[in-house]
Amino acid sequence: MSPHTVFAFERQPVVVEGLKRIFDQARDLRLLGSAPACSEALDAIACLHPDLILLDQAACAQGVFHFITRLKQLPQSGRIVLWADDLVHADCLRAVQLGIRGVLHRAAPAHTLLVCLRSVCRGDLWMDESIQAFTIDHVSPGRPLRLTPREREILGLVCRGLKNKEIARHLAITPGTVKAHLMHVFEKTGFKDRFQLCLHGRGLLEKA
């Protein structure tokens, strides 16, 4: 099986060299290219079509959200992982709304980087533990989430990005049944929409 390709929008050459060594040892990931500037990165990504884009939060002079917006306008662009020095909760939420599939602190060890990238490759939404903790601490504080086995199962599929009809086909139940289970999940977690469930589902499943 061919390794997943990664493009690094990264300012520091020494970091790029470190990424290459990490991926060479991992073997299931390959550094396809890198660039230190916004326009250069966009041109390279448009040409190379990487599976993953590792995005340095501070690399774009016009701001990371500007770069993400321009990146999403490309005909083909890989899944984006935000590599951030400062994980402000509101910024992480906005990044995911714009299409980011992973958020990782730059101080995280190499093992965590690989876990994040592999998870995003599988189609999951991956968030740094500090972001997970922020949300879990504000959901039903002091009271465990009592999700049923079916609710846990459906929540896991929501986190993978499946829609109600897809979940229904996967579980051999009706879309109406899926909707009813999701309503119970919303009530128990205190979240108001599917986006929040998808964003924080991994932490919820650990707490449930």
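Give the cross-link partners of residue 179 among the lysines, using a straight C-alpha distance below 17 Å as the criterion and excluding same-chain residues fewer than 8 apart.
Cross-link targets: 163, 165, 188, 192.
How would region 1-137 be classified by its alpha-carbon gyration tensor: rounded, prolate or oblate, with rounded meaning a/c under 1.5 and the a/b versus b/c comparison settling the rest?
Verdict is rounded for region 1-137.
Where does the longest stretch of the chain lie that holds no trypsin sites (Lys or Arg not before Pro) found in a DSSP loop with 11 or fewer other Cβ atoms within 10 Å?
Between the exposed loop sites, the longest stretch runs 28-121.
Sort out for me the Cα centre separation of region 152-184 from region 42-76, rounded to whole Å.
Between the Cα centre of region 152-184 and that of region 42-76, the gap is 32 Å.
With n ≥ 4 as the cut-off for DSSP H runs, can you work out [θ] at 222 nm for the chain, using -39500 (n - 2.57) per run divided by the number of residues, rounded to the nearest 500?
Taken over the chain, the calculation gives -16000 deg cm²/dmol.
Values in this text are rule-based calculations from the coordinates and carry no lab data. None of the values given here were measured: they were computed from a predicted structure. As a convention, Cβ positions derive from the backbone with ideal geometry for all residues, glycine included, and neighbour counts pool all protein chains shown.
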